[in-house]
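Undergrad: The structure follows.
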Amino acid sequence: MSNALSVRNLTKRFGGLVAVDNITVDFPKGVLNAVIGPNGAGKTTLFNLVTGILPATAGSVIFEGNELVGMKPHQIVARGLSRTLQIKSVFGGMTVADNVRIAVLAHEKIGNPLRPASSYREITARVEELLAQTGLERLARIESGTLSYGDVALLEIALALANKPRLLLLDEPICGMSPSETERTVARITHLAKTTDIILIEHDMEVVFAVADLITVMAQGRLLAQDKPKAIAADPRVQEVYLGAPEEAA
Ligand SMILES: Nc1ncnc2c1ncn2[C@@H]1O[C@H](COP(=O)(O)OP(=O)(O)O)[C@@H](O)[C@H]1O
Ligand SMILES: [Mg+2]
């Protein structure tokens, strides 16, 4: 089984705190991977290390045979690994379609600066494809600053997909969404997982157990378990971690 991502002895220290503590784990291809764990377990830090946003203290991250540790974030994106961007990356004064268009144009430049520019028609087709993939067609001409929280999250996914990633990292994409927005976004993510490898950090256990094929559990910076949802739900070590922090168990 080939892996979408391999992490070896990855460590991140913040002064005396070891946020990611010697993690070794593989995320296999072709399955929807979820990463869970109580608040402060090191999940977001793991993503920040993988995407080059933070330098690792030690260890290795292998994506498609390449070492990512030491690369800059834009180099990692250009290799085909994207994550959802922060909300500030959405230009509020521009329409949804124009935000996506800028991301598509940026990807063209980064992807291959020597390639002749695509035609206006090709770019527009790609923008429409991304809007359809994320269910944002009906909002194409809306100013992004007026979008609901859930629609901003979908726009962020569209921007990440503009880079044509083969691996997409999503950090709590449904956080703050209404139940109907959650349902819509979860359906989109499940659909996307058919064509793009996904690693999803999610604290909503109902969502995790509904969509994940394989669950990786972190606690206090360490890898606690990795298994199919049924086995994870039955794992006493996992139950203990969540019972030990009842405020995070929701
Ligand atoms: N930039 C940072 N500087 C210092 N400490 C940090 C930083 N980022 C995260 N941490 C700490 O690292 C630990 C793991 O945080 P994080 O990766 O955000 O956990 P999770 O995403 O699992 O909730 C926490 O104790 C957090 O306070
Ligand atoms: Mg986090």
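Undergrad: Given the criteria within 11 Å of ligand 1 (Cβ to nearest atom) and in contact (Cβ under 8 Å) with a residue 60 or more places away in the chain, does Leu5 qualify?
TA: Answer is no for this residue.
Undergrad: Turning to a different aspect of this structure: Scanning region 1-50 for residues that are over 25 Å from Met205 (Cα atoms) and among the polar types (S, T, N, Q), which turns out modelled with the lowest pLDDT?
TA: Among residues in region 1-50 that are over 25 Å from Met205 (Cα atoms) and among the polar types (S, T, N, Q), the one modelled with the lowest pLDDT is Ser2.
Undergrad: Also, I was wondering about something else. Identify the single condition in (1) within 16 Å of ligand 2 (Cβ to nearest atom); (2) part of a strand (DSSP E or B); (3) not aromatic (Phe, Trp, Tyr) that Arg13 does not satisfy, given that it satisfies every other one.
TA: So the condition that Arg13 fails would be (1).
Undergrad: What do you reckon, is Phe47 surrounded by fewer than 16 Cβ atoms within 10 Å (Cβ to Cβ) and within 16 Å of ligand 2 (Cβ to nearest atom)?
TA: No.
Matching residues to (1) within 16 Å of ligand 1 (Cβ to nearest atom); (2) more than 24 Å from Lys43 (Cβ to Cβ):
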| residue | (1), (2) |
| --- | --- |
| Gly145 | no, yes |
| Ser148 | no, yes |
| Ile157 | no, no |
| Arg166 | no, no |
| Asp171 | yes, no |
| Ile174 | yes, no |
| Met177 | no, no |
| Thr190 | no, no |
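Undergrad: Here is a further query. Can you tell me which of Leu81, Leu49 is within 16 Å of ligand 1 (Cβ to nearest atom) and closer than 23 Å to Met218 by Cα?
TA: Going through Leu81, Leu49 in turn, the sole match is Leu49.
Undergrad: What about Thr57, is it of a type in the set (S, T, N, Q), within 16 Å of ligand 1 (Cβ to nearest atom) and under 16 Å from the mean Cα position of the chain (by Cα)? Don't jump to the end; show me each part of the working.
TA: Working: of a type in the set (S, T, N, Q): yes; within 16 Å of ligand 1 (Cβ to nearest atom): yes; under 16 Å from the mean Cα position of the chain (by Cα): no.
Taking the combined requirement at face value, the residue does not satisfy it.
Undergrad: A further question on this structure: Against the definition (assigned to a strand (DSSP E or B), surrounded by 14 or more Cβ atoms within 10 Å (Cβ to Cβ) and more than 20 Å from the chain's Cα centre (by Cα)), how does Leu224 come out, yes or no?
TA: Numbers: assigned to a strand (DSSP E or B): yes; surrounded by 14 or more Cβ atoms within 10 Å (Cβ to Cβ): yes; more than 20 Å from the chain's Cα centre (by Cα): yes.
Here the answer is yes, as Leu224 does meet what is asked.
Undergrad: Which condition breaks for Glu128 when tested against (1) in a helix (DSSP H, G or I); (2) touching a residue at least 24 places away in the same chain (Cβ under 8 Å); (3) within 20 Å of Arg184 (Cβ to Cβ)?
TA: (2)
Undergrad: Also, I was wondering about something else. I need the full set of residues from region 9-27 which are surrounded by fewer than 16 Cβ atoms within 10 Å (Cβ to Cβ) and touching a Lys or Arg at 6+ places or on another chain (Cβ under 7 Å), in order please. Steps first, answer last, please.
TA: Here is the first cut: in region 9-27, the ones surrounded by fewer than 16 Cβ atoms within 10 Å (Cβ to Cβ) are 9, 13-17, 22, 24.
Scanning region 9-27 gives a single hit, Thr24.
Undergrad: Hey, can you tell me all the residues within region 16-30 that are closer than 18 Å to Pro165 by Cα and not in a strand (DSSP E or B)? Explain how you work it out, then say what you get.
TA: Narrowing region 16-30 to residues closer than 18 Å to Pro165 by Cα: 27-30.
The answer is Lys29, Gly30.
Undergrad: Hey, any hits in region 28-39 for a residue that's within 12 Å of ligand 2 (Cβ to nearest atom) and surrounded by fewer than 22 Cβ atoms within 10 Å (Cβ to Cβ)? Full working, then the answer.
TA: Narrowing region 28-39 to residues within 12 Å of ligand 2 (Cβ to nearest atom): 35-39.
Subset that is surrounded by fewer than 22 Cβ atoms within 10 Å (Cβ to Cβ): 38-39.
Yes; the residues of region 28-39 include at least one that is within 12 Å of ligand 2 (Cβ to nearest atom) and surrounded by fewer than 22 Cβ atoms within 10 Å (Cβ to Cβ).
Undergrad: Of everything in region 151-192, what is over 21 Å from Ile36 (Cα atoms) and within 16 Å of ligand 2 (Cβ to nearest atom)? Give them in sequence order.
TA: Result: Glu156, single match.
Undergrad: Could you grab me the full set of residues in region 164-189 that are touching a residue at least 40 places away in the same chain (Cβ under 8 Å), over 13 Å from the mean Cα position of the chain (by Cα) and at negative phi?
TA: Hits for region 164-189 are Arg184, Arg188.
The values are calculated or read from the model by the stated rules, or taken from the named source; none is laboratory data. Everything numeric here is computed off the predicted structure, so don't read it as measured data. Here the Cβ is made from the backbone with ideal geometry for all residues, glycine too, and neighbour counts use every protein chain on show.
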